[in-house]
1. Go through A178, F230, S15 and say which Cα lies farthest out towards the positive end of the charge dipole of the chain; charges sit on Cβ, +1 for Lys and Arg, -1 for Asp and Glu.
2. Calculate, for K265 and R392, the FRET efficiency according to 1/(1 + (r/R0)^6) with r their C-beta to C-beta distance and R0 41 Å; round to the nearest 0.05.
3. At 222 nm, what helix-only mean residue ellipticity would the chain give, in deg cm²/dmol to the nearest 500, using -39500 (n - 2.57) for each DSSP H run of four or more?
4. Let a ≥ b ≥ c be the square roots of the eigenvalues of the Cα gyration tensor of region 474-533; is it rounded (a/c under 1.5), or, if not, prolate (a/b larger than b/c) or oblate?
5. If I compute solvent accessible area with a 1.4 Å probe over the protein chains, what percent of it on region 86-202 is carbon and sulfur?
6. Is the C-alpha gyration tensor of region 181-248 telling us rounded, prolate or oblate? Criteria: a/c under 1.5 is rounded; beyond that, a/b larger than b/c is prolate, otherwise oblate.
7. Over what distance in Å are the Cα centres of region 17-48 and region 359-389 separated?
8. Would you please give the FRET efficiency between Q66 and K144, computed as 1/(1 + (r/R0)^6) with r the Cβ-Cβ distance and R0 = 41 Å, to the nearest 0.05?
Amino acid sequence: MKYTEPENKYVTSISPEHRKKFGQIFTPVQIAKFMVKWITDKFDQGQLLDPALGLGIFFRQLPDPQSYQLEGYEIDPKLARMAENLFSSLLLNLTCLKKDFLLTETNKQYDGIICNPPYIHFQDYKENLSLIDKFNQQYNLKLKGFSNIYALFLIKSLQLLKPNGRAAFIIPSEFLNADYGVSIKKFLLKNCSIRHLIIFDPSIQVFEGFLTTSAILLFDNEKKKHLNIFNVKNMADLKQIEKYLYCPHKSSNLDAKTYSLDQLKPEVKWKYYYRDLKINLQLEKCSNLVQFSKFARVKRGIATGANEFFTLSKADAILHRIDPNYLTPCLTRASQIKNNIFDERDLQNLISANKKVFLLTVNSKKIDENLKAYIKWGEKKGFHTRYLTRKRNPWFSMELSTPADLLVKTFSRKQVVFIQNNTRALNLTCFHSIYLNSLGQQYRNIIFLYLITDLAKEIFEGQKREYGSGLGKFEPNDIKQTKVLDFTTISLKDQAILNQLYQQYVKFHKSLKSNAEKILKEAESIFYQYWRK
Ligand SMILES: C[S@@+](CC[C@H](N)C(=O)[O-])C[C@H]1O[C@@H](n2cnc3c(N)ncnc32)[C@H](O)[C@@H]1O
């Protein structure tokens, strides 16, 4: 959506670095009007606040701005001066406080608060950790370091609302489904003033030239303990929501759900409350979906029949003097993998930590004296009489296997877990092995990115066999038959973008999980476009 004239002029006159420093992403007029209406519907006069003013788009959309006292915080002195000049040219009174909203001590109360908080990585905000501590103490919260700066704007603003006041916020919707968002959701549920949550489909680009997820949150301090959740699939839906809010008798065709606040759990990803869980039914309507088997073969991992004998740590191998030629690196437990990408360094770490990550692979005729002794020890323990070993000839030989391109955890308590295997390690049955065929190899990194997006996980979720208490199991066939995007329909340009996103994901996935999550969201919004074609 396009900017209005003053914002447009500013954006073209200032460096992207300056805007990035202050998180200056301006609200499109259609959204600003929608948010302002929530306030003016209740108040035709009174004290209004914009804690992150910019050029004051919200106040400029008021139908009768002279009737209100307008106050805004703006930390960027240059932009603050421009806002003052703009308002005086429009003959409007504005109190522009040129300071940091988060650091300002104030108890002033407002009838209405409207805000699009700055888009600043919390790590880049100089006051970050001390401020989190302060907020946690002051508002009795348990925010973590990953919390985003917008959460602080929201929490502080809600404290400044009069007992019957209203607030409208537009913020990224990620917190609804991310771990760091749990404490924010807890706060919202305890505060009880949230009335409507409007979630934009990730395929909608709400802000011009800026990729983010978005949600509008509407609050009323006359607490009602009910929350309406709306999905916005295109901008016309906003008009429908407006009708629902202000002329309910005229509204129709709304994708909305109503919950009492005690039905909503902060620990749960809220997409389960607002997305249609019958996603697999919707899939039938999409034409460019194909079975995953178009790109890959899926096999169960290696079943040894006697892990105590066949799996060894480095120390075990030294103790029994097993020649390294008889050992192949192998993942023997699901817990050995902590991230979505398993690389050579991870493997070396497991070896150094003496984890059992070697598999005895004796497939040749030559058996040296040390190995003979080890086999004898195994026979003494009775491993050769086990169900699988007694069917093999010789009993200590191992089925042939090659390292998989991707792994999927066989059992998972939460969502399906896919891992890219960038090592020569084999895997036991705790993972299924995914081997990309020659077509799949052409989209190797794109397929991996796709599989770890929430969108894909949700589709695979439908294939999970439930085992009670949240434990689910996947069978190789279930995975092969699951519908995935036909990756061959992705344009070369988008393939290039996705490959770049993959490189960024590799860089951040271990150290900066919040960045990695953002990258995945970006990738997801590209996949969404193809999914909906
Ligand atoms: C996302 S922009 C929104 C601007 C405007 N309200 C709009 O919606 O178009 C956020 C604004 O907050 C300002 N800002 C950043 N950090 C701030 C802080 N700590 N206190 C007050 N303003 C801040 C930025 O300079 C920027 O103008």
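The values are calculated or read from the model by the stated rules, or taken from the named source; none is laboratory data. Everything quoted here is computed from the prediction, not taken from an experiment. A quick note on method: Cβ atoms are made from the backbone with ideal geometry, for glycine too, and the neighbour counts reach across all protein chains shown. To get the accessible areas, we keep the full protein, side chains included, count just its heavy atoms, and leave off ligands, DNA and RNA. Shrake-Rupley method; radii C 1.70, N 1.55, O 1.52, S 1.80 Å.
1. Comparing the listed Cα positions along the dipole, A178 ranks first.
2. Details: r = 49 Å, r/R0 = 1.20.
E(calc), rounded to 0.05, equals 0.25.
3. On the way: 21 runs with 192 residues, N = 533.
The per-residue figure over the chain is -10000 deg cm²/dmol.
4. On the way: a/c = 2.23, a/b = 1.27, b/c = 1.75.
Oblate shape, in that a/c is at least 1.5 and b/c is the bigger or equal ratio.
5. On the way: 2320 of 4640 Å².
For region 86-202, the apolar C and S fraction of the accessible surface comes to 50 percent.
6. Values: a/c = 2.79, a/b = 1.28, b/c = 2.17.
Verdict is oblate for region 181-248.
7. One Cα centre to the other: 72 Å.
8. Numbers: r = 44 Å, r/R0 = 1.07.
E(calc), rounded to 0.05, equals 0.40.
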